[in-house]
Structures are given as C-alpha cells and as structure tokens.
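Chemist: Below is one structure. I have some questions about it.
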Amino acid sequence: MKSVNPLTSIIKRDLVLAYRQKAELLQPLLFFVMVITLFPLGIGPGPETLQKVGPGVIWVAAILSALLGMDKLFRDDFNDGSLEQLQLAHVSLSWAMFAKVFVHWCGSFLPLLLISPLLALFLNLTPAMYWALIQTLALGTPLLSLIGAIAVALTVGLQRGGVLLSLLLIPVFIPLLIFATSAVDSAAMGLNYAPQLAIIGAMLCFAVAITPFAISYAIRVSHH
Amino acid sequence: MNGKTSITSNYTDILRLNAQGLSCIKQDRILFEDFSIQVHAGELIHLVGPNGAGKTSLLRILVGLSEPETGGVIVTDAARSETASFSGTETPSENKIDYPLLYLGHKLGLNQYLSSVENLAYWANMHGIATDQHELYALLARFNLVGLEDVPSGQLSAGQQRRVSLARTQLLHTHVWILDEPFTSLDVSGVAFIQDLVDDFVAQGGAVLMTSHQALQSRLPVKTVTLEYRL
C-alpha cells in the first residue's frame, strides 16, 4: 500500500478550501489595505507625521485584521464535525493543528507581507524603516497566528466567541506590538534594532514549541 | 442464515471494547452512572433510549471524544492484546483506546466546499490510508451516488450527505463501528443497504454498536441495550 502523509493532505485540503473561499480570504487583507490607505487622508499628508505614525498604524492594522480572520480558523471544521473525525484519526492532533495554523498564516498574512512595500510607500517610510518593518512582520505574524489559534480553539464551541476572542487576544498581542514598533523606531533613528527582533524571535520560537500542544488540548476541551 | 449465525458464534469470545463503571454528568443531571458495556466480535448492539437519555454522550465517551466522570474504556486490537491486561475482568480506570475505530456521529464531518471524493480522500489520508480516484468513484457508485462525485458536498441532499459519510465504513479496516443514528434522513432502500453492510461486517467478525430510533431489520441476532432517562 502506498503510504500517505496526513500532514501534507491537511495542508493541501486547507489550501484548496482557502482558494475556494476567496472572499473570506480577501476580507482581512482588504481591511488592512483600507485602514492604511485612509490614514494619510485622515491625519494629513505631512511626510514627517506619516513617518512617525506609520509603523504603529501598520502593526495595529495587522493585528486587527488578524482578529477579523482568526475566528474562521476552526469554525467550519468544528461545525461540520471534521475536527471530531480528526481527533479520532491516525495523526497527532498537535501536528495537525500546527499544519492548519501554518496554512492559515500563508492565507492571511503572507499576502499582507507581500503588499507591505506598497503600504510603506503610502506612509512615507524610509528604506531602513521598511526593512525593519518587514522583518518584524515576518517574525511577528506567525506569532499572531499561533497564539490566536489557542484562543480560537478555546472559544470555537461557544455560539458567540468573537467578542471574547478579541478580549482574550488583544492584551496578549500588546508586547509584540511594543517591540515591533520600537524596532522600526530604532531603525528610523539609525540605531541597532537587533535586540527587539531577537525578543520577537524568541517569543516565536517559544510559541512554535508550545502552542501546538495548547491548541490541540483546547480543541479537545471544546469537544468535551 | 444458520451458517452465518454459526460463523458469528465463533468470534464471540473476542472482546473488542470494554467499558466499565462509566458515569456521565451533563448540566447537573446524571445521564448514567456505573454503566458497563462490553462489545464482542460478531456482535450487533442496538443502543436504545428516549431523547436525552445520553446515547450520544455514551458513544462519544466510548470513542474517546469525551472523558467520563468515572470509569474507563479499553479498545484494543485483540490480535495484539494477548496479554492478561485485556481479559475483560479488570476494571479500566482510564481510557485506553489504541486501535482505530470508526465513529460516525450526528455531525457528518463533510466540508461543504469539498466534493464527496475530496472529502473521502482527505478522511482516508487522515487515517493513513492511500486512496485512488477510481476506487473512490466505484465506492460512491455502490452508495448510489453516481454523477455526484464532484459536486460540492454542501449541494447534496441530507440523505446523500449521509451516504457519503457512511461510505467511510468501507475505507477503514477496523473491528469496531460505532454509529450514531446512521439511518437519519436515509430513504427506505438506503436504510436496507446500510443494514446489509452492517450485517455483512458483523458476520465477518466485526462489532457494531449503533443507536437508532427505528427497530433494526437485521438478519442477525441483535442485542439491545437500553439507557433509561433519569431525572
């Protein structure tokens, strides 16, 4: 018998599903782009002002758009019983969750990273600032996905988990926001921003190691 | 008929699933307390009880989706468990489910945006089973779903979705099927077809535990287990 890797089929399935539900995929991205496009119109086009608020605006928009799309991470699978079957299947639930979160990141944050040069232009960021920004986004957004998935898994059994989800997650994301924007600020002043990146990287490593177990445990609790 | 029954009796000493002392409490109501059930090979068990008696809760505990308040469940491949640990006399104190069993619940586990073939292939892969397209098409044809293989599952009727879900019984090699209301929304011929599949599986030494509010029209002896509604 041909052997199959369940994880690759999870990744394949979730990518196919993301492609078939393009509208849901586009919604957070559009939100992100619109917030950043409207900001210069709202606070005036002064280059210095924009440069000052730019990194913060991009990061806040990224976090809010993450919350917008996060809710759907496990909802369909929970409602139609796929998660239930996954628990009974011949696959480690932690790895399965990790694969699902990975696909979620590819679907909701990778496009955001790809479009960020354009947005940096809107907010008049210097190349040094942009370079710092993209590094914080590359390290920080997987962290958003991983931590967010725990809260989503915990609230997936509730009828209206959305509000609770935001309340749970916003405080957890604050340290990330502080370090990320501080890295870009340092870059703007020509300072070394490696320490901030290192802290975000450390948080990411910790999350990669721990969160898959937490997510799978939360899923089991939700089904209880 | 007699031949089949005698085949069945050859298996009945093999214990497939052993649950002892199970209790379940939902919303401050005791659904069942110190409930024990043993499922042997070649046994068809019909679990009956009024709505809210805890049939689904019991099945979810048996497959390991929920934890019982007390007691435990042991599901083991009999071929691998020649050790004394699975004699059936000891009381399991915690769940030990190390053999895949097939559980089909109220939720069908079909993604509405994926076609029947995609849903089945994904499910089979999750259980480590490789499938090929022809095999799945042939399987769905047996379940009377010709021409609907590539239609998104969300567009199928309730009965057709149930058939796709039940087609999984033919994909996984296991000894125990646990089916929660498998006849829901099936038509008369569908019910008869599924009952035949169940009977064939049981005749070959499989063990089936199922709930249904209809009487089972089985050609094999059916053991009925009743859960009372408790206040």
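Chemist: Just to be sure, is A:Leu143 in a helix (DSSP H, G or I) and surrounded by fewer than 17 Cβ atoms within 10 Å (Cβ to Cβ)? Talk me through it step by step, then tell me what you get.
Modeler: Numbers: in a helix (DSSP H, G or I): yes; surrounded by fewer than 17 Cβ atoms within 10 Å (Cβ to Cβ): no.
Criteria not met by A:Leu143.
Chemist: Since B:Ala78 meets every condition but one in (1) at pLDDT 80 or above; (2) away from chain A (no Cβ under 14 Å), which condition does it not meet?
Modeler: (1)
Chemist: Could I ask something else about it? For the subset of region A:81-122 comprising residues that are of a type in the set (S, T, N, Q) and assigned to a helix (DSSP H, G or I), which member is farthest from B:Ile61 (Cα to Cα)? Step through it out loud before you land on a result.
Modeler: Residues of region A:81-122 that are of a type in the set (S, T, N, Q), as a first pass: A:82, A:85, A:87, A:92, A:94, A:108, A:116.
After this cut, where a residue has to be assigned to a helix (DSSP H, G or I) as well, the list is A:82, A:85, A:87, A:94, A:108, A:116.
Details: A:Ser82: 18, A:Gln85: 14, A:Gln87: 13, A:Ser94: 21, A:Ser108: 36, A:Ser116: 48 Å.
Among those that are of a type in the set (S, T, N, Q) and assigned to a helix (DSSP H, G or I), it is A:Ser116.
Chemist: Among residues belonging to region B:98-119 that are part of a helix (DSSP H, G or I) and within 13 Å of chain A (Cβ to nearest Cβ), point out the one that is nearest to A:Ser92 (Cα to Cα).
Modeler: Residues of region B:98-119 that are part of a helix (DSSP H, G or I), as a first pass: B:116-119.
Then drop every residue that is not within 13 Å of chain A (Cβ to nearest Cβ), which leaves B:117-119.
On the way: B:Val117: 24, B:Glu118: 21, B:Asn119: 19 Å.
Once the filter is applied, the top-ranked residue is B:Asn119.
Chemist: So if I check each of A:Met129, A:Met97, which one is within 14 Å of chain B (Cβ to nearest Cβ) and either over 30 Å from B:Leu101 (Cβ atoms) or modelled with pLDDT of 90 or more (or both)? Walk me through it before giving the result.
Modeler: Details: A:Met129 fails: within 14 Å of chain B (Cβ to nearest Cβ).
Criteria check complete, one pass: A:Met97.
Quick grid of which residues meet (1) in contact with a strand residue (DSSP E or B) (Cβ under 9 Å, 6 or more places away or on another chain); (2) without any contact (Cβ under 8 Å) to a residue 24 or more places away in the chain; (3) farther than 19 Å from A:Leu144 by Cα; (4) within 11 Å of another protein chain (Cβ to nearest Cβ):
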residue: A:Pro6; (1), (2), (3), (4): no, no, yes, yes
residue: A:Ala18; (1), (2), (3), (4): no, no, no, yes
residue: A:Ala23; (1), (2), (3), (4): no, yes, yes, no
residue: A:Leu26; (1), (2), (3), (4): no, yes, no, no
residue: A:Phe32; (1), (2), (3), (4): no, no, no, no
residue: A:Leu38; (1), (2), (3), (4): no, yes, yes, no
residue: A:Gly42; (1), (2), (3), (4): no, yes, yes, no
residue: A:Pro45; (1), (2), (3), (4): no, yes, yes, no
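Chemist: Within 12 Å of chain B (Cβ to nearest Cβ), of a type in the set (Val, Ile, Thr) and part of a helix (DSSP H, G or I): is that true of A:Ile11 in this structure?
Modeler: Criteria met by A:Ile11.
Chemist: So, in region B:1-43, of the ones that are assigned to a strand (DSSP E or B) and on the phi > 0 side of the Ramachandran plot, which residue ends up modelled with the highest pLDDT? Can you show your working first?
Modeler: We begin by selecting, within region B:1-43, every residue assigned to a strand (DSSP E or B); these are B:15-26, B:29-40.
Retained after the next criterion (residues that are on the phi > 0 side of the Ramachandran plot): B:21, B:34.
Numbers: B:Gly21: 84, B:Asp34: 87.
For region B:1-43, the residue satisfying everything is B:Asp34.
Chemist: Only residues in region A:211-224 that are within 13 Å of chain B (Cβ to nearest Cβ) count as the first member; pair them with residues that are among the polar types (S, T, N, Q), Cβ under 9 angstrom, at least 6 apart or cross-chain, and list the lot.
Modeler: Close Cβ pairs (under 9 Å, with a partner that is among the polar types (S, T, N, Q)) amount to A:Tyr217/A:Ser94; A:Ile219/A:Gln87; A:Arg220/A:Gln87; A:Ser222/A:Thr155; A:His223/A:Gln87; A:His223/B:Ser66; A:His224/B:Ser66.
Chemist: Which residue pairs have Cβ atoms closer than 7 Å, lie 6 or more positions apart in sequence or on different chains, and pair a first residue in region B:120-133 that is within 7 Å of chain A (Cβ to nearest Cβ) with a second residue that is of a type in the set (D, E, K, R)?
Modeler: Once the first residue is within 7 Å of chain A (Cβ to nearest Cβ) and sits in region B:120-133, its partners that are of a type in the set (D, E, K, R) give B:Tyr122/A:Arg13; B:Trp123/B:Arg168; B:Ala130/A:Lys2.
Chemist: Next up: Considering B:Ser189, B:Ser185, which residue is small (Gly, Ala, Ser), assigned to a loop (DSSP other than H, G, I, E, B) and away from chain A (no Cβ under 12 Å)? Spell out how you get there, then give the answer.
Modeler: Values: B:Ser189 fails: assigned to a loop (DSSP other than H, G, I, E, B).
Among B:Ser189, B:Ser185, only B:Ser185 is small (Gly, Ala, Ser), assigned to a loop (DSSP other than H, G, I, E, B) and away from chain A (no Cβ under 12 Å).
Chemist: Additional query: Which of the numbered conditions does A:Leu112 fail, given that it passes all the others? Conditions: (1) touching an Asp or Glu at 6+ places or on another chain (Cβ under 7 Å); (2) crowded, with 18+ Cβ neighbours inside 10 Å.
Modeler: Of the numbered conditions (1) touching an Asp or Glu at 6+ places or on another chain (Cβ under 7 Å); (2) crowded, with 18+ Cβ neighbours inside 10 Å, the odd one out for A:Leu112 is (1).
Chemist: Right, another one. Can you pull out every residue in region A:1-57 that is among the hydrophobic types (A, V, I, L, M, F, W, C) and either touching a Lys or Arg at 6+ places or on another chain (Cβ under 8 Å) or under 30 Å from B:Leu172 (Cα atoms) (or both)? Step through it out loud before you land on a result.
Modeler: From region A:1-57, those among the hydrophobic types (A, V, I, L, M, F, W, C) are A:1, A:4, A:7, A:10-11, A:15-18, A:23, A:25-26, A:29-36, A:38-39, A:41, A:43, A:50, A:53, A:57; that's our starting set.
Scanning region A:1-57 gives A:Met1, A:Val4, A:Leu7, A:Ile10, A:Ile11, A:Leu15, A:Val16, A:Leu17, A:Ala18.
Chemist: Quick check on region B:126-134. Is at least one of its residues of a type outside the set (Gly, Ala, Ser) and within 25 Å of B:Ala192 (Cα to Cα)?
Modeler: Looking for residues that are of a type outside the set (Gly, Ala, Ser) and within 25 Å of B:Ala192 (Cα to Cα), one finds none in region B:126-134, hence no.
Chemist: Return the only residue of B:Val188, B:Val222, B:Val164, B:Val198 being farther than 18 Å from A:Gln85 by Cα and out of contact with any strand residue (DSSP E or B) (no Cβ under 6 Å at 6 or more places or on another chain). Give the steps one after another, and end with the answer.
Modeler: Values: B:Val222 fails: out of contact with any strand residue (DSSP E or B) (no Cβ under 6 Å at 6 or more places or on another chain); B:Val164 fails: farther than 18 Å from A:Gln85 by Cα; B:Val198 fails: out of contact with any strand residue (DSSP E or B) (no Cβ under 6 Å at 6 or more places or on another chain).
Step by step, each of B:Val188, B:Val222, B:Val164, B:Val198 is checked, and only B:Val188 is farther than 18 Å from A:Gln85 by Cα and out of contact with any strand residue (DSSP E or B) (no Cβ under 6 Å at 6 or more places or on another chain).
Chemist: Now for a separate question. Exactly one of these conditions fails for A:Ile11: (1) under 16 Å from the mean Cα position of the chain (by Cα); (2) modelled with pLDDT of 90 or more. Give me its number.
Modeler: (1)
Chemist: What is the one condition in (1) under 20 Å from A:Ile58 (Cβ atoms); (2) among the aliphatic types (A, V, I, L, M); (3) in a helix (DSSP H, G or I) that A:Leu125 does not satisfy?
Modeler: Of (1) under 20 Å from A:Ile58 (Cβ atoms); (2) among the aliphatic types (A, V, I, L, M); (3) in a helix (DSSP H, G or I), only one is false for A:Leu125: (3).
The values are calculated or read from the model by the stated rules, or taken from the named source; none is laboratory data. Since we're looking at a predicted model, the values are computed, not measured. Cβ coordinates were reconstructed from backbone atoms using ideal geometry, including for glycine residues, and neighbour counts include every protein chain displayed.
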